[in-house]
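**Q** Before I ask anything, here is the structure I am working with.
The values are calculated or read from the model by the stated rules, or taken from the named source; none is laboratory data. All figures in this text were calculated on a predicted structure; none of them were measured in a lab. Counting neighbours? That spans all protein chains shown, and the Cβs are built from the backbone with ideal geometry, glycine included. The accessibility values were calculated without ligands, DNA or RNA, using every heavy atom of the protein model including side chains. Shrake-Rupley method; radii C 1.70, N 1.55, O 1.52, S 1.80 Å.
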Amino acid sequence: MYSLARSLLFRLDPETAHGVALRGLDLAHRAGLAARLAGGARVADPLTLMGLRFPNRVGLAAGLDKNADHLDALGALGFGFVEVGTVTPRPQDGNPKPRMFRLPEAGAIINRMGFNNAGVDHLVARVKASRYQGVIGINIGKNLTTPVEKAVDDYLICLRKVHAHADYITVNISSPNTPGLRNLQFGEHLDALLGHLREESTQLDQRDGRRVPLTVKIAPDMSTAEVGLVAASLTRSEIDAVIATNTTVAREAVAGLAHGDEQGGLSGRPVFEASNRVIRELRQQLPDMPIIGVGGIDSGAAASAKVAAGADLVQLYSGFIYHGPALVGECARALREAGQA
Ligand SMILES: Cc1cc2nc3c(=O)[nH]c(=O)nc-3n(C[C@H](O)[C@H](O)[C@H](O)COP(=O)(O)O)c2cc1C
């Protein structure tokens with residue numbers, strides 16, 4: 001069924017197709033058909049991590065539902081968890097269009113959306129209005145116009161607003177589409193940012209009598225030494241988990257392809273190996289820290305390879321666009337079988 005929908009959707013420009021697909025999914029959900037789209041009931045493979053009970057190991061990655069406008073429908077597709085955002089304190093338009101490009105020969109996408117979103121208050125209202133009962137991560141970022149030196153203020157605003165509504169909160173410091181953001185991954189910037197967020201989050205946990213884990217999402221474009229420095233900083237700040245990885249700025253894998261030289265972050269199959277390398281290095285440095293592996297998963301075998309590299313949970317984005325909801329169950333079944341082997 002998805003291959004027919006896909007051939008129609010792929011005739012539209014990618015961002016239009018994205019909106020049409022999500023509106024269609026909402027309709028299917030209201031008609032009680034969403035689970036059927038995903039090929040039946042959610043795969044049961046429960047796991048407790050960060051104090052949260054995940055019904056299976058396959059999540060939806062951030063960026064597909066930036067405003068939590070489609071949470072109920074996406075939550076009905078068999079995911080073990082859904083991450084919404086990236087959200088910023090104030091609404092912002094993002095970069096001029098076109099800003100999303102398909103590279104079908106490579107199973108890839110390049111995007112330079114630039115955190116287009118309706119702002120944190122909208123997202124919180126949508127989460128509150130939703131009926132979704134599963135695990136929800138809320139991914140937070142900074143507004144374009146906030147100087148990088150003041151980034152912590154934006155993350156703190158978002159943290160305070162989403163804390164009561166999230167099962168976990170992701171600090172996104174790895175989008176390539178907000179100038180300077182990735183600098184927050186390094187040196188004293190990272191310790192300062194994470195230190196402030198840890199402190200505030202612990203206070204909120206105490207106020208609410210409920211611990212909300214903090215995760216940090218990092219880029220694949222890091223040397224081994226840089227991964228080591230990030231790992232040390234995550235430990236110092238008592239971060240609960242790391243999400244590896246965001247999109248890459250590398251372009252070797254798509255050189256010569258149509259749209260291969262577009263600015264932005266490259267995702268899908270070309271980022272698979274790069275993200276696996278970062279996961280392996282993180283796992284060496286952080287034997288006990290939960291790792292959420294994301295980047296280029298387009299089959300059950302690819303999901304299993306992420307877990308073999310060291311991930312505890314995985315997330316999908318580009319593979320979901322190319323293969324549709326059936327990929328969720330395929331990956332969840334593969335991971336359940338790998339876990340039983
Ligand atoms: C169009 C698009 C928008 C994205 N937006 C976000 C975002 O807002 N926040 C974020 O943390 N990651 C974002 N991502 C990155 C994905 O969550 C994921 O980390 C990355 O695409 C690698 O996974 P994949 O190869 O399965 O797509 C975006 C990816 C795409 C393709």
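**Q** Could you please let me know if VAL162 is within 13 Å of GLU83 (Cα to Cα) and either in contact (Cβ under 8 Å) with a residue 24 or more places away in the chain or not in a helix (DSSP H, G or I) (or both)?
**A** Yes.
**Q** In the stretch 58-76, which residue that is part of a loop (DSSP other than H, G, I, E, B) and closer than 30 Å to LEU257 by Cα is most open to solvent (accessible area, probe 1.4 Å)?
**A** LYS66
Each row is one residue, and each column tells you yes or no for (1) within 23 Å of LEU64 (Cβ to Cβ); (2) more than 14 Å from the ligand (Cβ to nearest atom); (3) touching a helix residue (DSSP H, G or I) at 6+ places or on another chain (Cβ under 9 Å).
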| position | (1), (2), (3) |
| --- | --- |
| ASN183 | no, yes, yes |
| GLY187 | no, yes, yes |
| GLU199 | no, yes, no |
| THR235 | no, yes, yes |
| ALA250 | yes, no, yes |
| ALA253 | yes, no, yes |
| GLY256 | no, yes, no |
| ARG269 | yes, no, yes |
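**Q** Got at least one residue in the stretch 77-86 being in a strand (DSSP E or B) and of a type in the set (D, E, K, R)?
**A** Keep residues of the stretch 77-86 that are in a strand (DSSP E or B), which gives 81-86.
Narrowing the set further to residues that are of a type in the set (D, E, K, R) leaves 83.
Yes, the stretch 77-86 contains at least one residue that is in a strand (DSSP E or B) and of a type in the set (D, E, K, R).
**Q** Quick one: count up the residues across the stretch 133-153 that are more than 19 Å from the chain's Cα centre (by Cα) and outside any loop (DSSP other than H, G, I, E, B).
**A** 6
**Q** Next question, about the same structure. Out of (1) open to solvent by less than 10 Å² (accessible area, probe 1.4 Å); (2) in contact (Cβ under 8 Å) with a residue 40 or more places away in the chain; (3) more than 8 Å from the ligand (Cβ to nearest atom); (4) of a type in the set (A, V, I, L, M, F, W, C), the odd one out for ALA274 is which?
**A** With (1) open to solvent by less than 10 Å² (accessible area, probe 1.4 Å); (2) in contact (Cβ under 8 Å) with a residue 40 or more places away in the chain; (3) more than 8 Å from the ligand (Cβ to nearest atom); (4) of a type in the set (A, V, I, L, M, F, W, C) applied to ALA274, the lone miss is (1).
**Q** I'd like to know if the stretch 196-211 contains one or more residues that are open to solvent by less than 10 Å² (accessible area, probe 1.4 Å) and either more than 21 Å from LEU49 (Cβ to Cβ) or among the β-branched types (Val, Ile, Thr) (or both).
**A** No, the stretch 196-211 contains no residue that is open to solvent by less than 10 Å² (accessible area, probe 1.4 Å) and either more than 21 Å from LEU49 (Cβ to Cβ) or among the β-branched types (Val, Ile, Thr) (or both).
**Q** Scan the stretch 137-159 residue by residue and report those that are in contact with a strand residue (DSSP E or B) (Cβ under 7 Å, 6 or more places away or on another chain) and open to solvent by less than 10 Å² (accessible area, probe 1.4 Å). First the steps, then the outcome.
**A** Filtering the stretch 137-159 for residues in contact with a strand residue (DSSP E or B) (Cβ under 7 Å, 6 or more places away or on another chain) gives 137-141, 143-144, 155, 158-159.
Answer for the stretch 137-159, where residues must be in contact with a strand residue (DSSP E or B) (Cβ under 7 Å, 6 or more places away or on another chain) and open to solvent by less than 10 Å² (accessible area, probe 1.4 Å): GLY137, ILE138, ASN139, ILE140, GLY141, ASN143, TYR155, CYS158, LEU159.
**Q** Identify the single condition in (1) out of contact with any His (no Cβ under 7 Å at 6 or more places or on another chain); (2) buried (at least 22 other Cβ atoms within 10 Å of the Cβ); (3) in a strand (DSSP E or B); (4) not aromatic (Phe, Trp, Tyr) that THR48 does not satisfy, given that it satisfies every other one.
**A** (2)
**Q** Next question, about the same structure. If a residue must be within 19 Å of the chain's Cα centre (by Cα), assigned to a loop (DSSP other than H, G, I, E, B) and farther than 24 Å from PRO55 by Cβ, how many such residues does the stretch 87-132 contain?
**A** Residues that pass the stated criteria total 12.
**Q** Also, I was wondering about something else. Of the conditions (1) within 15 Å of the ligand (Cβ to nearest atom); (2) over 30 Å from THR178 (Cα atoms), ALA62 satisfies every one except a single condition; which number is it?
**A** With respect to (1) within 15 Å of the ligand (Cβ to nearest atom); (2) over 30 Å from THR178 (Cα atoms), ALA62 is out only on (2).
**Q** Let me ask another. With the condition kept exactly as written, say whether any residue in the stretch 242-259 is farther than 26 Å from PHE101 by Cβ and either modelled with pLDDT of 95 or more or of a type in the set (D, E, K, R) (or both). First the steps, then the outcome.
**A** Here is the first cut: in the stretch 242-259, the ones farther than 26 Å from PHE101 by Cβ are 242.
From what's left, either modelled with pLDDT of 95 or more or of a type in the set (D, E, K, R) (or both): 242.
Within the stretch 242-259 (the criterion being farther than 26 Å from PHE101 by Cβ and either modelled with pLDDT of 95 or more or of a type in the set (D, E, K, R) (or both)), the answer is yes, since at least one residue qualifies.
**Q** Going by the conditions given, is LYS97 surrounded by fewer than 20 Cβ atoms within 10 Å (Cβ to Cβ), charged (D, E, K, R) and away from the ligand (no atom under 13 Å from the Cβ)?
**A** On the way: surrounded by fewer than 20 Cβ atoms within 10 Å (Cβ to Cβ): yes; charged (D, E, K, R): yes; away from the ligand (no atom under 13 Å from the Cβ): no.
For LYS97, the condition - surrounded by fewer than 20 Cβ atoms within 10 Å (Cβ to Cβ), charged (D, E, K, R) and away from the ligand (no atom under 13 Å from the Cβ) - is not met.
Residue-by-condition table, conditions (1) in contact with a Gly (Cβ under 6 Å, 6 or more places away or on another chain); (2) away from the ligand (no atom under 16 Å from the Cβ); (3) touching a residue at least 40 places away in the same chain (Cβ under 8 Å):
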{"position": "ASP221", "(1), (2), (3)": "no, no, yes"}
{"position": "THR224", "(1), (2), (3)": "no, yes, yes"}
{"position": "THR245", "(1), (2), (3)": "yes, no, yes"}
{"position": "LEU286", "(1), (2), (3)": "no, yes, yes"}
{"position": "VAL294", "(1), (2), (3)": "no, no, yes"}
{"position": "ILE297", "(1), (2), (3)": "yes, no, no"}
{"position": "ALA302", "(1), (2), (3)": "no, no, no"}
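**Q** Would you point out which residue out of GLY40, GLY32 is farther than 28 Å from LEU181 by Cβ, open to solvent by less than 40 Å² (accessible area, probe 1.4 Å) and in a loop (DSSP other than H, G, I, E, B)?
**A** Numbers: GLY32 fails: open to solvent by less than 40 Å² (accessible area, probe 1.4 Å).
Step by step, each of GLY40, GLY32 is checked, and only GLY40 is farther than 28 Å from LEU181 by Cβ, open to solvent by less than 40 Å² (accessible area, probe 1.4 Å) and in a loop (DSSP other than H, G, I, E, B).
**Q** Filter the stretch 297-341 down to the residues that are over 23 Å from GLY63 (Cβ atoms) and of a type in the set (A, V, I, L, M, F, W, C), then identify the one that is most open to solvent (accessible area, probe 1.4 Å).
**A** ALA341
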